[in-house]
Amino acid sequence: MTLEESIHALRTGRVSSTELTRAYLEQITSLEPEIHAFISLTPELALQQAQEADRRWSDWRKAPSQPPPLLLGLPLVVKDVLCVADVPCTCGSRILENFRPPYHATAVQRLLDAGMVLLGKTNTDEFAMGSSTENSAYGVTHNPWDVQRVPGGSSGGSAAAVSAHMAPLALGTDTGGSVRQPAAYCGVTGIKPTYGRVSRYGLVAFGSSLDVVGVFGREARDVARALVLISGQDPRDATSSALPPPQVDFDHSPTQALHGLKVGIPEEYFSAGLQPEVRQAVEQAISQLQDLGAQLQTVHLPHTSYALPVYYLIAPAEASANLARYDGVRFGQRAESETIAELFFRTRGRYFGAEVKRRIMLGTYALSAGYYQAYYGQAQKVRTLIREDFARAFTALDILAAPVTPTTAFPIGEHADDPLAMYMEDALTLPANLAGIPALAFPVGFDAKGLPIGMQIMASHFNEPLLFRVAHAYQQVTDWHTRLPAILSRG
Ligand code: GLN
């Protein structure tokens, strides 16, 4: 069932949340050995929450008053960098193997308050550092469209779970592309909201000026339903915005929704390295927007190529500070040692993975006294230029449309020994993070190998409703988002 069908079925009482939850748990049992989307499963908690949801539904049916929350009784999975009280939160790292947070992240809290049912915590690159989920200490997640390939990352487990119908909705995080890139690779829809749209409280920090909590679903409308619930100010995160949650309206016809919309095509995102099929599918999707009434215009974002070096200075710099807290004293694992210095060295040396250590070293170097201005200071200045590129574009344009990634999903192991090639994965997603603007990724076709292709649309700060309106219009006239990986149709 689609999310809309499930919402309807719960409302009319045709299925119960318990039945729905059991069906998803069965799907997980049958596909998890091949996909490995999860770090931990919470079936008992899920069935308990489903029973509670069923009680709320039946109370309402007996005495219909205010309708219950739309997502009451619907299953959810959460990337393992977001805290859920009393459920392990590993961040894909050995260093937090035994860490059970005593509280919920605000985004999780709000969805549980709305009556959603938690099925489990999904796999991620260690501390969300990576683009393939291969940096998880708990094994790699496999792409449901081709299990020899990566699902993308770092929210690869969440994307794969939605793609393989192990959950209708998933939370992820996007610091440099970690919702959009796996959404593209797994053929699902995912949003990176405006920085500050969703509280970061209870999200284990990676790059604090970049981190945002995002949502995966099969289509834009599903994603919007969850984003509306998790948005809004939180006294526990000073960077959360006081604006009300986005007002999203799906009543327009596709041509009403797109009439007169000014769509910018940023030339820098269509450079030579693009896989020809990706270019073709994205151009085709853009011309469909035009057929629905949008006006197209080429635009230049001249500082785009600096996004990669800027991000790989700022994100590691912030990470090196954020990860200082894992010292063997306050959280997680502790290595046996004689002295306090040895305790720090051994714990961090033994329980952090290679990519996390690389980032800590890069970040520490970029922040060190003699180099601070030349690296971190300079990167911050160029970040402003990237932000201004977008601000200029949005004075004349409503949205920008571009590929999410230069290629489709790559084989597991392909970039294992080449961190730079892995970093290049993010060339087209990083700019939106550096500027703090919202971006939505959704499927627009397949390559010759049958692997999904994603397009992203970007808008000015807090303009998520426009992104949803455009993607929903597109999804009403196309069916890419309804295609199923072969693994799902196996008898
Ligand atoms: N792939 C990027 C990185 O490794 C972005 C990750 C993310 O968005 N969490 O830093």
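Hey, which lysines would be in cross-link range of Lys357, C-alpha to C-alpha under 29 Å, not counting anything within fewer than 8 residues on its own chain?
Reachable lysines: Lys79, Lys121, Lys192, Lys381.
Divide, for the range 200-295, the radius of gyration over alpha carbons by 2.2 N^0.38 Å, where N is the residue count. Before the final figure, lay out each step's value.
Numbers: Rg = 17.7 Å, N = 96, 2.2 N^0.38 = 12.5 Å.
Ratio of Rg to 2.2 N^0.38 Å for the range 200-295: 1.42.
So, how do all the Cα-to-Cα distances of the range 1-115 break down into 5 Å bins, in percent, from 0 on up?
With 5 Å bins starting at 0, P(r) equals 2, 11, 19, 20, 20, 14, 8, 4, 2, 0.
Note the full-extension length gain between Ala416 and His8 as 0.36 nm times their separation in residues minus their Cα-Cα distance, in nm to one decimal.
The Ala416-His8 span can extend by a further 142.4 nm.
What share of all Cα pairs of the range 166-217, in percent, falls into each consecutive 5 Å distance bin?
5, 23, 32, 23, 13, 5, 0
Return the percentage of antiparallel bridges among DSSP beta bridges fully within the chain, rounded to the nearest 5 %.
65 percent
Which distance in Å, rounded to a whole number, links the C-alpha centroids of the range 172-225 and the range 322-358?
Here the two parts' Cα centres lie 29 Å apart.
The chain: percent of C-alpha pairs farther apart than 38 Å? Could the numbers behind the result be given before it?
On the way: 23700 of 120295 pairs.
The answer is 20 percent, as a whole percent.
Given 20 °C and 1.002 mPa s, compute D for the range 280-377 with the Stokes-Einstein relation, Rh being the Kirkwood radius over Cα pairs; round to the nearest whole µm²/s.
Roughly 126 µm²/s, to the nearest whole number.
If we restrict to alpha carbons, what Rg and Dmax does the range 105-258 come to, in Å?
Gyration radius and largest Cα-Cα distance of the range 105-258: 15.2, 48 Å.
Which three extents, in angstrom, do the Cα atoms of the range 343-447 have along their principal axes, listed largest first?
The principal-axis extents, from largest down, are 54, 38, 20 Å.
Given the -39500 (n - 2.57) contribution per DSSP H run of 4+ residues, what per-residue ellipticity at 222 nm results for the chain, rounded to the nearest 500 deg cm²/dmol? Provide the component values of the computation, followed by the final result.
Values: 17 runs with 195 residues, N = 491.
So the helix-based figure for the chain works out to -12000 deg cm²/dmol.
Relative to 2.2 N^0.38 Å, what does the C-alpha radius of gyration of the range 393-491 come to as a ratio? Two decimals please.
1.25
Can you run phi through the Karplus equation (6.51, -1.76, 1.60; θ = phi - 60°) for the range 145-155 and list ³J(HN,Hα) in whole Hz, with x for Gly and Pro?
Residue by residue, the range 145-155 yields 7, 6, 5, 7, 10, 6, x, x, x, 7, 7 Hz.
Only the coordinates and a few stated rules stand behind these numbers; no lab work does. This is a predicted model, so every value here is computed, not measured.
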